[in-house]
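For reference, the structure is listed below as structure tokens.
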Amino acid sequence: MLKNALAALVLGSALIGGQAMAADYAIDKQGQHAFVNFKISHLGYSWLYGTFKDFDGTFSFDAANPEASKVSVTLKTASVDTNHAERDKHIRSADFLNASKHDTATFESTSVKSTGEGTADVTGNLTLNGVTKPVVIAAKFIGEGKDPWGGYRAGFEGTTTLTLKDFDISMDLGPASQTVELIISVEGIRK
């Protein structure tokens, strides 16, 4: 789910950057230059942070025609990592991600709308825990250019907030823990 959001963010940011030519990109998973992170309040007393270790995605964008941009991300829900094995096992359970039944989360963009210099709202369908809902990722273009290995890269960041009950996650950890913030940072390599 987070990965999908990330991909959408990347696309929207690229579109707003205005410097890149129309191109297709693969998210740089191999080089560890992409992250789908999250934070959620722990009972209203502190923040719990986590990440998803396994996701893939692509994006295409054309700065001259942002509406034609696309983003697609697939994330393995069992790859959740909060640096605590027992908690990760609980998050993978039916109480939260139900990873044994819904082993992937996906994001497919449906539109990109510029919101200012280098920023955009990337709207798309997020499928998580077997439920598909529209989400909006606030995206920001970070930069683009040639890399030292002869390739060309573009990078973005974005955030969105999900309400757990919207995705049939019914575990109730109290009023401060009803939403989770996704923090996405991606770098794509032009194909």
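A few comments on the model shown:
- Test: residue in segment 69-78 that is farther than 30 Å from D95 by Cβ and either open to solvent by 40 Å² or more (accessible area, probe 1.4 Å) or part of a strand (DSSP E or B) (or both): yes
- Residue check, V135 closer than 15 Å to V180 by Cα, part of a strand (DSSP E or B) and either in contact with a strand residue (DSSP E or B) (Cβ under 6 Å, 6 or more places away or on another chain) or polar (S, T, N, Q) (or both): yes
- The one condition in (1) modelled with pLDDT of 90 or more; (2) assigned to a strand (DSSP E or B) that G143 fails to fulfil: (1)
- Cβ-Cβ under 8 Å pairs, at least 6 apart or on other chains, segment 114-143 side more than 24 Å from V80 (Cα to Cα), far side of a type in the set (F, W, Y) and loosely packed, with under 13 Cβ neighbours inside 10 Å: none
- When segment 92-111 is filtered for residues that are touching a Lys or Arg at 6+ places or on another chain (Cβ under 7 Å), outside any loop (DSSP other than H, G, I, E, B) and open to solvent by 40 Å² or more (accessible area, probe 1.4 Å), only T104 remains.
- Among (1) on the phi < 0 side of the Ramachandran plot; (2) assigned to a loop (DSSP other than H, G, I, E, B); (3) modelled with pLDDT of 95 or more; (4) open to solvent by less than 50 Å² (accessible area, probe 1.4 Å) - the single one A63 does not satisfy: (3)
- Which listed residue is under 19 Å from the mean Cα position of the chain (by Cα) and surrounded by fewer than 16 Cβ atoms within 10 Å (Cβ to Cβ), from G155, G130, G188, G145: G130
- When segment 144-173 is filtered for residues that are β-branched (V, I, T) and under 26 Å from T119 (Cα atoms), the ones remaining, listed by number, are T159, T160, T161, T163.
- Exclusive hit being over 23 Å from D166 (Cβ atoms) and among the β-branched types (V, I, T), set I91, I137, I142: I142
- Within segment 28-52, if we keep just the residues that are under 12 Å from the mean Cα position of the chain (by Cα) and without any contact (Cβ under 8 Å) to a residue 60 or more places away in the chain, the residue that is least open to solvent (accessible area, probe 1.4 Å) turns out to be F52.
The values are calculated or read from the model by the stated rules, or taken from the named source; none is laboratory data. Because the structure is a prediction, the values reported are computed rather than measured. Virtual Cβ from ideal backbone geometry, glycine too; neighbours counted across all protein chains shown. We work out accessible area using only protein heavy atoms, side chains counted, and drop any ligands, DNA or RNA first. Shrake-Rupley method; radii C 1.70, N 1.55, O 1.52, S 1.80 Å.
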